[in-house]
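All remarks here apply to the structure that follows.
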Amino acid sequence: MSAILRRTGPRAATVAATLLLLIWTLAGPAEANWTSASSGSATARADTITTPTGLSATCNLLLGKSVTLNWSAANAWASYEVRWGTNNGGPYGTSSGAISGTTYNTPTLSGSLTGTTYYFVVRSVKGSSWLSANSNQASKTISSLACL
């Protein structure tokens with residue numbers, strides 16, 4: 001690409017712009033990095049979305065068969081989406097929708113007599129198209145009587 005950028009004229013500018021657009025499209029806005037023309041090193045964009053860390057799950061004794069989730073903030077400007085399901089490692093079928101803050105109480109979860117394990121992840125969200133990777137997975141088991 002550096003050979004193309006050394007050329008001058010409208011064709012070289014069009015080719016360079018097309019290549020940059022292709023790189024941007026393939027990388028996606030959440031993962032895109034800019035490369036410095038002078039040094040050739042990648043510089044992370046200031047608005048790159050990051051993944052929440054430290055997700056933990058505890059039984060919420062006040063709400064019965066509910067789980068309280070806590071995690072460390074990722075971006076000051078992002079909201080979060082909590083997702084959960086009964087398959088270890090996903091897919092996670094249920095979503096909280098966008099929430100602010102780093103604590104979430106699930107609605108009442110159903111469980112079998114022997115217990116149903118729920119697996120939770122959280123990810124950063126900005127708008128409708130900026131999503132981080134899933135956080136670490138946390139889990140809790142819900143019986144027909146209580147959160148265990």
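FYI, it's all coordinate maths here, none of it is from the lab. Note that the structure is a prediction, hence the values are computed from the model and not measured. Please note: Cβ atoms are built from the backbone with ideal geometry, for glycine as well, and neighbour counts cover all protein chains shown.
Structural remarks
- For the range 69-82, Karplus couplings with θ = phi - 60° (6.51, -1.76, 1.60), whole Hz, Gly/Pro x: 10, 10, 8, 8, 4, 9, 10, 5, 9, 9, 9, 10, 10, 8
- Cut-off under 5 Å, modelled amide H: who pairs with L55 long-range: S72, N136
- In Hz, Karplus ³J(HN,Hα) per residue of the range 107-116 (6.51, -1.76, 1.60; θ = phi - 60°; x = Gly, Pro): x, 4, 9, 8, x, 8, 4, 8, x, 10
- Count Lys and Arg as plus one, Asp and Glu as minus one, and take only other residues whose Cβ is under 12 Å from that of A146; the net charge is then +2.
- For T117, the residues whose modelled amide H falls within less than 5 Å of its own, excluding neighbours fewer than 5 places apart on the same chain, are I142.
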